[in-house]
Amino acid sequence: NIEDIDEEFVVSFKTKDLTPTVIFKDPDFEQLIRNKIGKYENERITEGDMQDITSLYIFWGENFTGLEKAVNLNALDITYLENSVLQANKSIILNLPSLKKVFMSEEQDASFGKALQDKGIEVKVFEY
C-alpha cells in the first residue's frame, strides 16, 4: 500500500542506496571513510558509496575491513601507517582490483612495496 511507504525512504531513494551496507570493524577507519564520502554517523555506508571512491589517503585506523568494497580505488596513500597496520591489512590492499598506484614512505616495510609491485601496482616512495 502506497500510504505505508516511509517518506524518508522515498526522499533518499537512489540506486546505490539499494546496495548492501558495508560493515566496518574499526570505528576510526569508518570515520575516515565517512569523511571521504560525506556521510554522517546516522547514515549507512553502502557498497555503492564505496564504489565511488577512486583515491584515498589512509592516515589512521587499524583494521581496513570494508575497504575491499572500494572496487574502483586506483590511488592509495599509506605514507603515515605503521608497518604492523600494513601487514594486518596486506590482503585487503593487495586484492583491490583497480589499484594502480600506492604512495609509501621509505620507513615502511620494503617487502610490502615489493608485493604491490609484483601485482603490477606502481609504488611511489617518499623520503621524510
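Bear in mind that the values in this text are calculations on the coordinates, not laboratory data. Everything quoted here is computed from the prediction, not taken from an experiment. Reconstructed Cβ throughout: ideal geometry from the backbone, glycine too, with neighbour counts over all protein chains shown.
The list (i) 35; (ii) 39; (iii) 50 gives values of percent of Cα pairs over 22 Å apart, and only one came from this structure; which label was calculated from it?
Computed from the coordinates, percent of Cα pairs over 22 Å apart corresponds to (ii).
To the nearest 20 debye, what is the magnitude of the charge dipole of the chain about its Cα centre, counting +1 on the Cβ of each Lys and Arg and -1 on the Cβ of each Asp and Glu?
Working: 14 positive and 24 negative charges, 134 e Å.
Using Cβ point charges on Lys, Arg, Asp and Glu, the chain gives about 640 debye.
Taking N as the number of residues in the stretch 87-128, what value does Rg over Cα atoms divided by 2.2 N^0.38 Å take?
On the way: Rg = 9.8 Å, N = 42, 2.2 N^0.38 = 9.1 Å.
Against the compact-globule rule of thumb, the ratio is 1.08.
Determine the distance separating the Cα centre of the stretch 24-59 from the Cα centre of the stretch 73-110; give it in Å without decimals.
About 17 Å separates the Cα centre of the stretch 24-59 from the one of the stretch 73-110.
Considering only Thr79, Ile121, Phe64, whose Cα is most displaced toward the positive end of the charge dipole of the chain, charges sitting on Cβ of Lys, Arg (+1) and Asp, Glu (-1)?
Result: Ile121, furthest along the dipole toward the positive end.
As I understand it, the dipole of the chain uses +1 on the Cβ of Lys and Arg and -1 on the Cβ of Asp and Glu, about the Cα centre. Which of Leu32, Thr54, Ser98 lies farthest toward its positive end?
Farthest towards the positive pole: Ser98.
Can you list residues from other chains, or at least 5 along the same chain, whose modelled amide H is less than 5 Å from the amide H of Val123?
The answer is Val102.
Between Ala75 and Ile37, what length in nm is gained on full extension when 0.36 nm per residue of separation is reduced by their alpha carbon distance?
Using 0.36 nm per residue and subtracting the Cα-Cα distance, I get 12.1 nm.
Over the chain, calculate the relative contact order: mean separation of alpha carbon pairs under 8 Å at least 6 apart, over the residue count, as a percent.
Values: 191 pairs, mean separation 24.2, N = 128.
Result for the chain is 19 percent.
Taking the Cα centre of the stretch 69-120 as the origin, how large is its charge dipole in debye, to the nearest 20, when only Lys and Arg (+1) and Asp and Glu (-1) carry charge on their Cβ atoms?
That gives a dipole near 340 debye.
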